[in-house]
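The values are calculated or read from the model by the stated rules, or taken from the named source; none is laboratory data. Note that this is a predicted model, so its numbers are computed, not measured. In this analysis, Cβ positions are derived from the backbone assuming ideal geometry, glycine residues included, and neighbour counts consider all displayed protein chains. Ligands, DNA and RNA are stripped out before the accessible areas are found, and what is left, the full protein with its side chains, is counted by its heavy atoms. Shrake-Rupley method; radii C 1.70, N 1.55, O 1.52, S 1.80 Å.
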Amino acid sequence: MNNLIQQLPKTELHLHIEGTLEPDLLLELSKKHHVDLPYKSIDEIHAAYNFEDLQSFLDLYYLGASVLVDEDDFYQLMWRYLLKCKEQNIVHTEMMFDPQTHTDRGIPFATFMPGFVRAMDDAAQQWGQSSLLIMSFLRHLTEQEAIDTLAAAKPYLQHIEAVGLDSSELGNPPEKFVRVFEQAKSLALSCVAHAGEEGPADYIWQALKLLKVDRVDHGVRCVDDPKLLQTLAETQMPLTVCPLSNTKLCVFDDMKEHNILDLLAKDILVTVNSDDPSYFGGYLNENFEALQQALNLNQQQLIKLVKNGFTGSFLSEQQKAHWLGKIDKLV
Ligand code: HPA
Ligand code: ZN
């Protein structure tokens, strides 16, 4: 089974590039830029990554991102994750980045975008890596700040496929961001939003009805609302589920309690993703392996989850058909 997990061509649809910052690069960059961190060693960093909820993680995630300063830092961050995609046979990845985490520290789009795009171009050239970017707004900030961020992104829109919504969910519902999502749509951007990670099923309804998203990030709280489950199944709305993230952030106390296979059995288009792999203890293959160990994921379920990743992606219909056909030939 682990062989098959490795061999299958896969997508990743829910990945924060800032969440791929590994402890070694974090320490290296903190020295390079003289950023004072409360950690002296990789062991101390691992010990600190013990979270009780989303906010306790976000506090360390934003602290970690403070070592990303110049264009080469952003290149290195992106390059290392794309190498991981090659290693894990993730043939297509749709990566979120948080511009406000950088612009609020005085680091402009003109610094991080060229770093990201150069690494993506190099990976495309060297091994045909397919990748695209989703610009996420920080929902703990105001809608006006999101609107200003969209305006600042205008010179880079050819490199941005979609907008998203992340950070502290509770108390920051999707309805707060209706106008900026309307503006993004008018710029021909696709839309995704984190909803129903810690927040209630109603936030998922808001993401669907008010933000008119193409995909829901997490969405696991949909189980609380039978009508929502029915709608998600009927519309085949993709959910980008992140099992290791959900257990690390105590959305589920134990992987054995994770509901992804129940949602799959209800014909909901669930996909598997790593979210912030450096913080949550595993990349994509480790997420599949965790499901296999805790929930006895079988081959048929594995293949369906992997296929859902292609179906739920922003790839063209032709590209989707190409990869779905390849999977059928493999198994
Ligand atoms: N949820 C919300 N915001 C985030 C996450 C997450 O899992 N990861 C990075 N920003
Ligand atoms: Zn996320």
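Beta carbons closer than 8 Å, at least 6 apart along the sequence or on distinct chains, pair a first residue in region 14-27 that is within 15 Å of ligand 1 (Cβ to nearest atom) with a second that is among the charged types (D, E, K, R) and open to solvent by 10 Å² or more (accessible area, probe 1.4 Å) for THR20/ARG80; THR20/LYS84. When region 32-55 is filtered for residues that are more than 22 Å from the chain's Cα centre (by Cα) and either of a type outside the set (A, V, I, L, M, F, W, C) or within 16 Å of ligand 1 (Cβ to nearest atom) (or both), the ones remaining, listed by number, are LYS32, HIS33, HIS34, ASP36, PRO38, TYR39, LYS40, SER41, ASP43, GLU44. Here the helices (runs of 4 or more DSSP H) wholly within region 265-317 that include at least 2 residues being farther than 22 Å from GLU197 by Cβ are 284-295, 299-311. Pick from region 140-162 the residues that are closer than 15 Å to THR103 by Cβ and of a type in the set (A, V, I, L, M): which of them is surrounded by the fewest Cβ atoms within 10 Å (Cβ to Cβ)? Going through the qualifying residues, I end up with ALA151.
Among residues of region 291-316 being without any contact (Cβ under 8 Å) to a residue 24 or more places away in the chain and within 20 Å of ALA233 (Cα to Cα), the one that is surrounded by the most Cβ atoms within 10 Å (Cβ to Cβ) is LYS307.
Which residues, taken from region 189-219, are within 12 Å of ligand 2 (Cβ to nearest atom), touching a helix residue (DSSP H, G or I) at 6+ places or on another chain (Cβ under 7 Å) and more than 14 Å from LEU170 (Cβ to Cβ)? Once the filter is applied, which keeps residues that are within 12 Å of ligand 2 (Cβ to nearest atom), touching a helix residue (DSSP H, G or I) at 6+ places or on another chain (Cβ under 7 Å) and more than 14 Å from LEU170 (Cβ to Cβ), region 189-219 yields ALA193, VAL216, GLY219. When residues in region 247-269 are screened for being within 16 Å of ligand 1 (Cβ to nearest atom) and open to solvent by less than 10 Å² (accessible area, probe 1.4 Å), 3 of them pass. Filtering LEU60, LEU82 for residues that are of a type in the set (A, V, I, L, M), in a helix (DSSP H, G or I) and within 16 Å of ligand 2 (Cβ to nearest atom) leaves a single hit, LEU60.
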